[in-house]
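First up is the structure itself, then whatever we jot down about it.
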Amino acid sequence: MKLNSIQVIDEGYFLVNEHQNFRFDKNIAKSFIEKLEFPIIILDTEFFNNSHDNSDYDKKLYDDKNKDLVYVVQYSFAKSLKEISSRDNKKAIKSISIKRNFNDKSYNFYSQYEKMVVSFLNMCRNKDIKTIVCAGASNDIKIINIWVNNYKKLFSKRPLKMTFLNKEKNETNVNFFDVYDILQNCFSFSNTKSNGEEFWNKNNLPSGKQNDEMISLTSMKKFFGWFDQIVDNIFKTEKHDIYSMCCEAYTFFSYPLDKKISFESYKRMNNTIKKVIDHCYNDVLKILIFFDFIFEFTYNFYDKNKYIKK
């Protein structure tokens, strides 16, 4: 977000330009933020399942026990929102991913998958992570809950601080925080683009909680789309939809070992994996920038808020 770009109209009421304004309730934001237990890990994953399988291969990577298989994890650690607000978040994102070399006979998806999962969980334990933060976390919650239950033995002596016992299900669950709770409950936006045109079909979005004549935004994509005039161009380029890339990723990782793949096909599919990693990186960076924005408007006075015009 560009600094010194937002004007204060009134307490909790802000102007971006002559056509766009928004409301923000910092007290509600505080009530959500106080639920966050630090340190946290902000993450995004990409996975495939049977819906991404367009191949005619006899052997499938997925099965009834592993319906969703993660092949990319992008993540960032933080000890506080203040830390996020004061650092260069572009350099604070790391990655774990499945890899496949050209016509590599030793390639084993399941071996790499297990190493990736164990590495991720050990990392969370060693960093004393208490909360996993996502945007729209339903799939991530389901997958990581499976991971922590499948690898309980790893943490018999030193438990994962981000887990708790779900007594109703009698299973270990992970402490998750969904940033959409803040987005949808603390903000209300004018339904306008920076040029004055309608931003979205109002019938397809909920009303704002602070003003029912305004709209509530339901995704990070919409949030950054609404603020497009003041969003810095720091994201990696994305030209392809994530679903089609996940389909190609499944084809790439499930390609039979006894079949040779042309180098051109390998290069194309491997490049798709790199694009997925970029997509995942962007999603984590958006959450970090969103948290930075929330911190400034929740905890700083207007004269100290770096986004407010002085």
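The values are calculated or read from the model by the stated rules, or taken from the named source; none is laboratory data. No experiment lies behind these values; they were computed from the predicted model shown. Every residue, glycine as well, gets a Cβ built from its backbone with ideal geometry; the counts of neighbours run over all protein chains shown.
Take the conditions (1) over 19 Å from the mean Cα position of the chain (by Cα); (2) part of a loop (DSSP other than H, G, I, E, B); residue 298 misses just one of them, which is (2). Does residue 150 qualify as being surrounded by fewer than 18 Cβ atoms within 10 Å (Cβ to Cβ) and either closer than 30 Å to residue 224 by Cα or touching a strand residue (DSSP E or B) at 6+ places or on another chain (Cβ under 6 Å) (or both)? When the stated conditions are applied, residue 150 does not pass them. Checking each residue in the range 259-280 for being assigned to a helix (DSSP H, G or I), among the hydrophobic types (A, V, I, L, M, F, W, C) and either surrounded by 15 or more Cβ atoms within 10 Å (Cβ to Cβ) or at pLDDT below 95 (or both) picks out 269, 273, 276, 277, 280. Listed by position, the strands (runs of 3 or more DSSP E) inside the range 1-109 whose residues that are touching a Phe, Trp or Tyr at 6+ places or on another chain (Cβ under 8 Å) and within 21 Å of residue 280 (Cα to Cα) number at least 2 are 40-48, 69-78, 94-97. Put simply, of 5, 55 the only residue that is more than 30 Å from residue 251 (Cβ to Cβ), surrounded by 13 or more Cβ atoms within 10 Å (Cβ to Cβ), touching a residue at least 12 places away in the same chain (Cβ under 8 Å) and touching a helix residue (DSSP H, G or I) at 6+ places or on another chain (Cβ under 9 Å) is 5.
Across the range 153-164, the qualifying residues are those that are basic (Lys, Arg) and farther than 21 Å from residue 74 by Cα, and the one among them that is surrounded by the most Cβ atoms within 10 Å (Cβ to Cβ) is 158.
Among the candidates 141, 182, the residue that is touching a residue at least 60 places away in the same chain (Cβ under 8 Å) and among the aliphatic types (A, V, I, L, M) is uniquely 182. Screening residue 127 on (1) modelled with pLDDT of 95 or more; (2) crowded, with 18+ Cβ neighbours inside 10 Å shows it passes everything except condition (2). Of all positions in the range 4-24, none carries a residue that is touching a Pro at 6+ places or on another chain (Cβ under 8 Å), farther than 21 Å from residue 141 by Cβ and modelled with pLDDT of 95 or more. Applying the condition of being more than 29 Å from residue 191 (Cβ to Cβ) and of a type in the set (S, T, N, Q) to the range 15-63 and asking which residue is nearest to the chain's Cα centre (by Cα) yields 45.
Restricting 310, 304 to those that are surrounded by fewer than 16 Cβ atoms within 10 Å (Cβ to Cβ), modelled with pLDDT of 95 or more and either part of a helix (DSSP H, G or I) or out of contact with any Ser or Thr (no Cβ under 6 Å at 6 or more places or on another chain) (or both) reduces the list to 304. Within the range 131-142, take every residue that is outside any helix (DSSP H, G or I) and buried (at least 18 other Cβ atoms within 10 Å of the Cβ) and give me the one that is farthest from the chain's Cα centre (by Cα). That would be 131. Annotation note: Cβ proximity below 7 Å between a residue of the range 287-304 that is under 19 Å from residue 44 (Cα atoms) and a residue that is of a type in the set (S, T, N, Q) and outside any helix (DSSP H, G or I) (sequence gap 6+ or interchain) occurs for 288/76.
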